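Taken together, the values in this text are just the output of simple stated rules run on the coordinates, not laboratory data. Because the structure is predicted, anything quoted here is derived from the model rather than measured. When we count neighbours, we look across all protein chains shown, and the Cβ atoms used for this are built from the backbone with ideal geometry, even at glycine.
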Amino acid sequence: MAHVVPAGLKWIIRSLSVSLFVLLAWLLQFALGDIGDLRPPARSVFLERHLDPELLQRERDLQDELRDSQGEVTRQEEVQDTLRSSMDVARETMQEMTDLHRLSIEQGIAPSAERESALAEAQARFIAAQGAFEKANARIGDLNAEAYRVSGDLEDARELIGEQRTPADDAYSQALDEHRLAVAAWKLGFIVPIFALASWLFTRSRDSRHRPIFLAFMLASFLNLGLVMHDTFPEEYFKYIAICAGIIAVLAFLARVLGSAAQPQPALLLKRRRESYFKSQCPECAYPFPSERGDTFFCPACGSGLFESCGSCSASRHRLLPHCQTCGAAG
Ligand SMILES: [Zn+2]
Ligand SMILES: [Zn+2]
């Protein structure tokens, strides 16, 4: 007789099994995460291997040069701003002095020597500032020509670097693909044996009381296997793999159900026979047998022997049940 587990205990077993599943799934996920942390190849290594260091240095030098000449242009333009404002001031002074000079001549007064010298001074200041402004203009022109030449050289250097960078990038992306494959292989190499072991333990544990533990172990490893496969295979392959795995699981389940239907388990067979006898029906074909019958009785529909004389007490006993109802002897 199978031992009956109380409902409360059943629920405790179920919830502990679920907790075990969650913890195992978590543990496996951490382990897989650590495997995934294997250091990927560094891009800089590939760039160093393929790029000419002298060319890189030249690019840096040209960049510095360009930045310097652009900075100098900005400085010269600031100088020009200052010169422009001092020229404006000198021009205003000159205008003022000239106006006063004209006014004095109109009024018949001789212009003062002081005013004459102020005018001369303003004129000198204006001319000096104009000269400096022109000089700054020439310098800016030179600097711009220089910057133009440098940026042309820089463009050439960058083009050469770009040509060298393409094989470096190709080599890097190939190394990255190889790294991804290696990580996937490590992960699968870790999780597949665990899943196989868990499945093996589970299928072997049919009558074991530890079955819920193995089930939790198997489901946790199956979940992680699915996640690894989802990460490893591109979406279009994964969908085929997932569907194939689903078909295999359903086929395995169906084969088991069909097998047990064709050849029922002893416990299931006994249950079915017990219920049929209880309902006064033939367990094989469900023909209702009469309550009035002899000690020996065969089903008139299918010919199965349903009652016979007990070998111990000779009373009529159920032929398809294990014990005699009168003396209890096993049949
Ligand atoms: Zn029958
Ligand atoms: Zn008996």
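Per residue, what volume in Å³ does the convex hull of the Cα atoms of the chain enclose?
On the way: hull volume 108.7 nm³, N = 331.
Per residue, the Cα convex hull of the chain comes to 328 Å³.
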Whole-Hz Karplus ³J(HN,Hα) for segment 312-329, in order, using 6.51 cos²θ - 1.76 cosθ + 1.60 and θ = phi - 60°, x for Gly and Pro? 9, 10, 6, 6, 6, 10, 5, 6, 9, 10, x, 10, 7, 6, 8, 10, x, 5
Once phi is turned into θ = phi - 60°, what whole-Hz ³J(HN,Hα) does the Karplus curve with 6.51, -1.76 and 1.60 give for every residue of segment 262-267, x standing for Gly and Pro? 6, 9, x, 4, x, 5
For S208 paired with Y237, estimate the spin-label separation in nm (one decimal), with each label point 7 Å from Cα along the Cα-to-Cβ line. 3.4
Residues with amide H under 5 Å of Y287's amide H, sequence separation 5 or more or different chain, H placed in the peptide plane at 1.01 Å from N; which? C282
Of the candidates D52, D156, D295, which one comes out as most mobile in a Gaussian network treatment of the chain with C-alpha springs shorter than 10 Å? D295
Which Cys residues of the chain have no other Cys Cβ less than 4.7 Å away and so no disulfide-compatible partner by this rule? C244
GNM flexibility winner over the chain from R58, R274, R14 (Cα, springs under 10 Å): R274
For segment 109-114, in residue order, the Karplus 3J(HN,Hα) values (coefficients 6.51, -1.76, 1.60; θ = phi - 60°; whole Hz; Gly and Pro = x) are 9, 6, x, 6, 4, 4
In percent, how large is the relative contact order of segment 43-178, given Cα pairs closer than 8 Å and 6 or more residues apart? 51
Please find, in a Gaussian network model of the chain (springs between Cα atoms separated by less than 10 Å), the residue of K135, K279, K239 whose mean-square fluctuation is greatest. K279
Non-local residues with an amide H under 5 Å from the amide H of G331, with H modelled 1.01 Å from N and Pro and chain starts lacking one, are H323, C324
For L197 and Q130, extending 7 Å from Cα along the Cα-Cβ vector and measuring point to point gives, in nm, a value of 9.7
Rough spin-label spacing in nm, given labels placed 7 Å along Cα→Cβ, for S112 and N144: 4.6
